[in-house]
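Below you'll find the structure, written out as structure tokens, and then a few comments.
The values are calculated or read from the model by the stated rules, or taken from the named source; none is laboratory data. Quick caveat: nothing in here was measured; it's all calculated off a predicted structure. Here Cβ is always computed from backbone atoms with ideal geometry, including for glycine, and neighbour counts include all displayed protein chains. Note: areas computed on protein heavy atoms with side chains; ligands, DNA, RNA excluded. Shrake-Rupley method; radii C 1.70, N 1.55, O 1.52, S 1.80 Å.
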Amino acid sequence: ARLAQQPALPLPAGLYGPGRRNSAGLDLAVAAMRAPLLAAHAQLRVPPVAQAQAGEAPAAVARAAAAFPAWDARPVAERAQALRRAADAMEARMAPLCALLVAEGRKTWGDAVAEVREAVDFLRYYAGEAERVMQPALLPGPTGERNELRLAGRGPWVCISPWNFPLAIFTGQVAAALAAGNTVLAKPAEQTPAVAREAVRLLHEAGVPPDALQLLHGPGETVGAALVAAPGVAGVVFTGSTQVARLIQRALAAKDGAIVPLIAETGGINAMLVDSTALPEQVADAVVQSAFRSAGQRCSALRLLCVHEGIADAVIEMVAGAARELTVGDPALLSTDVGPVIDAQAFAGLQGELQRLRQTARAVLAPAEAPAAPPHCIAPQAFEVERVTDVQREIFGPVLHIARWSGDPQAVVEQVNALGYGLTLGIQTRIDSRAQALAARARVGNVYVNRNMIGAVVGVQPFGGEGLSGTGPKAGGPHYLPRFCAERTLTVNTAAAGGNVALLAG
Ligand code: UN1
């Protein structure tokens with residue numbers, strides 16, 4: 001009863017939420033910061049990040065284990081304070097961080113600003129969450145006993161993060177682990193180590209001891225694998241492909257000693273279901289944002305548009321028209337909507353997927369000519385497939401599948417469920433009861449009704465999926481932090497023979 005009476009918490013201070021756009025489509029924050037952003041871009045120098053060797057992993061984990069008791073023993077308010085100081089420092093360095101995200105992560109300015117804000121939100125959110133959930137809780141119990149539940153850190157965590165959110169997801173994982181009292185071995189994506197180095201530098205300056213947060217840059221196959229396999233690892237948090245999550249899970253299962261938990265956030269074949277009552281203009285806008293912005297390089301991105309045949313032609317025409325309006329090219333230009341994909345390997349993989357699609361599906365959005373410079377730009381494309389089940393793989397780029405449907409929309413949701421992923425789902429309908437019924441049937445983590453389906457806001461739209469899309473808990477949600485913790489119940493017999501003097505006196 002005491003727990004149920006806890007007051008509802010206000011939103012964490014400083015929560016940014018979605019970026020607003022002006023009528024010309026330019027992110028308002030980008031427009032407002034235009035001069036400092038461009039100055040930071042001009043001044044940016046990125047020295048190479050030193051590579052770690054796989055052989056260094058066991059010693060690094062041992063240092064993290066040695067640093068753990070002191071960090072874990074600090075009052076939670078002190079750890080939270082360090083994260084808040086890092087958040088303030090990140091906010092103050094918005095322009096140089098954005099310039100780094102554009103240069104190394106190939107982000108557009110709008111995506112870069114949103115990403116720095118998300119990283120800041122994560123730091124403040126987990127600081128607040130740690131203070132909230134790590135207070136010892138008195139549990140109701142029989143007279144003569146005192147029962148207490150406490151959360152504590154578990155030990156060294158390995159945090160393995162992706163290149164598509166090199167600051168936000170990197171910082172989110174690390175912040176949650178640290179807030180809970182753990183120490184951290186951070187293994188950023190190979191493509192984006194300089195962004196990670198900057199985040200680590202700010203966290204160290206904010207008061208996180210060097211051995212409590214160590215950066216190990218290198219390939220996943222060697223450095224990442226060695227960290228996961230090292231003795232003494234208390235947990236692993238991973239965002240990336242389903243396939244790599246499985247490799248990590250197998251490696252953990254093969255270890256001797258403690259059973260090591262894995263938190264994995266992986267891919268999705270995310271669908272949007274559009275019924276005949278939906279507003280085509282709204283659908284087109286949501287589709288273009290969800291499928292093509294960030295060059296489709298979000299695990300939340302729309303991959304499969306399931307549109308009722310009654311409005312399919314109108315929707316497809318509008319989507320194609322709106323997609324052709326997008327400017328594809330150099331992410332350093334303010335006018336760019338869709339930048340390049342991350343690297344040559346991603347580009348080559350996407351070319352292979354597009355070749356296959358051209359042979360098996362009908363192109364309904366002929367791509368505009370992508371610029372030759374910078375390299376690895378791909379113009380948005382869309383292909384009509386016969387059936388939902390024709391889409392079997394997550395294609396991580398600005399490529400959309402479209403399937404027409406008629407009849408029962410619940411059957412479409414079942415087909416989407418059968419794909420096995422469960423990350424995001426869009427629903428576009430003007431019948432509220434239908435939206436509710438479809439959402440209830442969908443086995444996905446995040447359902448978005450009558451809007452785009454990307455850009456989950458920390459603390460407002462906890463993000464993460466199920467099935468092939470990951471283990472949960474949801475990042476930026478109230479259940480995330482406790483999974484990084486050891487849970488300890490203390491039961492004291494307060495009616496012990498002879499009395500328990502201190503407790504009774506207290
Ligand atoms: C990812 O792309 O790896 O809601 C996950 C969103 C983001 C997705 C991040 N939070 O679009």
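The table below lists the values:
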{"item": "Failed criterion for residue 348 (all others in (1) open to solvent by 10 Å² or more (accessible area, probe 1.4 Å); (2) not in a helix (DSSP H, G or I) hold)", "result": "(2)"}
{"item": "Test: residue in the range 290-303 that is touching a residue at least 12 places away in the same chain (Cβ under 8 Å), open to solvent by less than 30 Å² (accessible area, probe 1.4 Å) and more than 16 Å from the ligand (Cβ to nearest atom)", "result": "no"}
{"item": "Those helices (runs of 4 or more DSSP H) lying entirely in the range 15-73 with at least 3 residues at pLDDT 95 or above", "result": "34-43, 57-73"}
{"item": "Any hit, the range 490-506, residues being within 23 Å of the chain's Cα centre (by Cα) and of a type in the set (A, V, I, L, M, F, W, C)", "result": "no"}
{"item": "Some residue of the range 318-336 being surrounded by 18 or more Cβ atoms within 10 Å (Cβ to Cβ), within 16 Å of the ligand (Cβ to nearest atom) and polar (S, T, N, Q)", "result": "no"}
{"item": "Unique residue being among the polar types (S, T, N, Q) and more than 26 Å from residue 190 (Cβ to Cβ) when the list is 351, 359, 345", "result": "359"}
{"item": "Qualifying residue in the range 466-474 (condition: away from the ligand (no atom under 16 Å from the Cβ), open to solvent by less than 30 Å² (accessible area, probe 1.4 Å), modelled with pLDDT of 95 or more and not in a loop (DSSP other than H, G, I, E, B))", "result": "no"}
{"item": "Residues of the range 385-426 classified as in a strand (DSSP E or B) and crowded, with 19+ Cβ neighbours inside 10 Å, total", "result": "10"}
{"item": "Filter pass, residue 262 being away from the ligand (no atom under 14 Å from the Cβ), in contact (Cβ under 8 Å) with a residue 12 or more places away in the chain and open to solvent by less than 20 Å² (accessible area, probe 1.4 Å)", "result": "no"}
{"item": "Residue in the range 181-190 that is open to solvent by less than 30 Å² (accessible area, probe 1.4 Å), basic (Lys, Arg) and away from the ligand (no atom under 13 Å from the Cβ) present", "result": "yes"}
{"item": "Some residue of the range 354-372 being within 27 Å of the chain's Cα centre (by Cα) and either in contact (Cβ under 8 Å) with a residue 40 or more places away in the chain or surrounded by 13 or more Cβ atoms within 10 Å (Cβ to Cβ) (or both)", "result": "yes"}
{"item": "Count of residues meeting criterion [closer than 20 Å to residue 403 by Cβ and either aromatic (Phe, Trp, Tyr) or without any contact (Cβ under 8 Å) to a residue 60 or more places away in the chain (or both)] in the range 421-443", "result": "6"}
{"item": "Some residue of the range 270-278 being hydroxyl-bearing (Ser, Thr, Tyr), over 26 Å from residue 472 (Cα atoms), at pLDDT 95 or above and open to solvent by 20 Å² or more (accessible area, probe 1.4 Å)", "result": "yes"}
{"item": "Candidate set from the range 451-464 (those that are in contact with a Leu (Cβ under 8 Å, 6 or more places away or on another chain) and more than 10 Å from the ligand (Cβ to nearest atom)); member that is least open to solvent (accessible area, probe 1.4 Å)", "result": "459"}
{"item": "All positions within the range 427-450 that are out of contact with any Gly (no Cβ under 6 Å at 6 or more places or on another chain) and either within 16 Å of the ligand (Cβ to nearest atom) or open to solvent by less than 20 Å² (accessible area, probe 1.4 Å) (or both)", "result": "427, 428, 429, 435, 438, 442, 446, 447, 449"}
{"item": "Filtered residues of the range 216-243 (kept if under 23 Å from residue 100 (Cα atoms) and either surrounded by fewer than 18 Cβ atoms within 10 Å (Cβ to Cβ) or touching a Lys or Arg at 6+ places or on another chain (Cβ under 6 Å) (or both))", "result": "216, 219"}
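Conditions (1) closer than 16 Å to residue 198 by Cα; (2) outside any helix (DSSP H, G or I); (3) of a type in the set (A, V, I, L, M, F, W, C), marked per residue:
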{"residue": "83", "(1), (2), (3)": "yes, no, yes"}
{"residue": "104", "(1), (2), (3)": "yes, no, no"}
{"residue": "120", "(1), (2), (3)": "yes, no, yes"}
{"residue": "130", "(1), (2), (3)": "no, no, yes"}
